[in-house]
Amino acid sequence: MIIDCHGHYTVLPKSHDEWREAQKAAFTAGTQCPPYPDITDADIRETIEANQLRLLKERGADLTIFSPRASAMAPHVGDEAVAIKWAQACNDLIARVVSLYSDTFAGVCMLPQSPEADMTASITELERCVSMGFIGCNLNPDPGGGHFKHPPLTDEFWYPFYEKMVELDVPAMIHVSGSCNPAMHATGAYYIAADTIAFMQLLEGDLFKDFPDLRFIIPHGGGAVPYHWGRYRGLADMLKKPDLGSHLMNNVFFDTCVYHQPGINLLADVIDNKNILFGSEMVGAVRGIDPTTGHYFDDIKRYVDALDITDAERHMIFEGNARRVFPRLDAQLKARGL
């Protein structure tokens with residue numbers, strides 16, 4: 001089985017996006033938000049079958065771990081009440097996708113991380129989504145949208161949420177949303193910077209001494225981390241931290257959303273096989289055709305297929321590691337005889 005650990009619902013029913021605009025406008029005007037629209041199963045099928053489902057089949061994957069569109073999570077928009085309603089609407093839509101295509105999608109939730117709020121509402125939403133069968137969450141390390149005013153991920157601010165993650169046995173993908181900082185292009189700068197910053201925050205702290213069972217996926221190939229692995233090994237030594245293998249890499253995993261063969265080769269050369277999960281983020285940040293290959297940039301299975309590794313190692317990247325990092329997914333698959 002080939003499990004894509006990083007998928008977002010990026011092409012949605014138009015009425016869902018229109019309601020979001022109406023929600024934002026109502027908050028600005030101080031008026032009541034209109035009711036959420038009646039989205040039919042046919043509306044959902046039309047968007048999914050023309051996009052993620054079609055590409056999944058064409059490119060040879062079997063299952064996508066699916067979450068709301070990352071760039072639109074935007075918890076900094078409005079207040080906490082706005083963020084809660086928006087998260088619920090987006091997560092409910094993911095739940096419906098999973099119910100319609102239970103063999104192909106597994107749900108991961110977004111969180112209502114309003115910048116002025118603590119993690120109480122996020123804990124409530126995580127519990128609600130896990131009760132619906134979700135297997136993980138997307139955790140935003142910078143809910144303000146590009147200004148990095150929140151405490152580092154090792155700060156006790158986050159501890160109540162981590163306690164709930166451990167209790168529910170779910171991992172988090174560390175994933176920011178859209179950038180409201182004009183100095184940071186969202187997908188080209190902000191995403192990669194946030195991935196790298198998150199890793200360094202974890203390196204500086206000792207979070208996994210307090211939470212040895214906590215699991216994080218850092219997407220987009222780990223940001224700049226694999227390319228600068230010697231820098232981080234050296235910084236760990238200078239900061240009197242243990243070797244990265246024991247300090248972080250029992251709890252931190254990278255996906256393969258790198259979009260070219262040399263990048264995937266470097267990832268596989270530098271990072272232990274046990275820490276790499278197949279992910280494509282399609283349909284996502286990079287959608288065009290690479291003129292040097294004639295293939296889509298985000299057709300990432302091709303790159304993993306081309307790696308000079310054993311079949312057993314390839315199996316771990318495609319399936320085994322995801323089932324280990326997402327035990328609720330593993331249980332669901334076993335219940336289906338897989």
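The values are calculated or read from the model by the stated rules, or taken from the named source; none is laboratory data. Only a predicted model underlies this, so the values are computations on that prediction, with no experimental measurement involved. Cβ coordinates were reconstructed from backbone atoms using ideal geometry, including for glycine residues, and neighbour counts include every protein chain displayed. The accessibility values were calculated without ligands, DNA or RNA, using every heavy atom of the protein model including side chains. Shrake-Rupley method; radii C 1.70, N 1.55, O 1.52, S 1.80 Å.
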Out of the residues in region 258-290 that are of a type in the set (V, I, T) and crowded, with 21+ Cβ neighbours inside 10 Å, state the one that is farthest from the chain's Cα centre (by Cα).
I264
Could you look through region 229-249, keep only residues that are in a helix (DSSP H, G or I) and touching a residue at least 40 places away in the same chain (Cβ under 8 Å), and pick out the one that is most open to solvent (accessible area, probe 1.4 Å)?
W229
Out of (1) open to solvent by 20 Å² or more (accessible area, probe 1.4 Å); (2) out of contact with any Pro (no Cβ under 8 Å at 6 or more places or on another chain); (3) under 22 Å from F134 (Cβ atoms), what's the single condition that is false for L56?
(1)
Long-range neighbours under 8 Å by Cβ, at least six apart or interchain, first residue surrounded by 20 or more Cβ atoms within 10 Å (Cβ to Cβ) and modelled with pLDDT of 95 or more within region 88-103, second of a type in the set (K, R) and in a helix (DSSP H, G or I)
N91/R128
If you take the residues in region 291-308 that are surrounded by fewer than 16 Cβ atoms within 10 Å (Cβ to Cβ) and farther than 26 Å from S67 by Cα, which one is nearest to the chain's Cα centre (by Cα)?
A306
Just to check your reading of the model, which residue among L338, L267 is among the hydrophobic types (A, V, I, L, M, F, W, C) and more than 20 Å from H220 (Cβ to Cβ)?
L338
F253 passes all but one of (1) at pLDDT below 95; (2) under 17 Å from the mean Cα position of the chain (by Cα); which number fails?
(1)
Those helices (runs of 4 or more DSSP H) lying entirely in region 134-224 with at least 3 residues modelled with pLDDT of 95 or more and within 18 Å of the chain's Cα centre (by Cα)
159-168, 191-204
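Rundown of residues vs (1) open to solvent by 10 Å² or more (accessible area, probe 1.4 Å); (2) in contact (Cβ under 8 Å) with a residue 40 or more places away in the chain; (3) over 22 Å from A224 (Cβ atoms); (4) among the polar types (S, T, N, Q), yes/no style:
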| site | (1), (2), (3), (4) |
| --- | --- |
| F161 | no, yes, yes, no |
| L168 | yes, yes, yes, no |
| A172 | no, yes, no, no |
| S179 | yes, no, no, yes |
| A183 | yes, no, no, no |
| T196 | yes, no, no, yes |
| L203 | no, yes, no, no |
Kindly check whether there is at least one residue in region 50-62 that is within 28 Å of L139 (Cβ to Cβ) and modelled with pLDDT of 95 or more.
yes
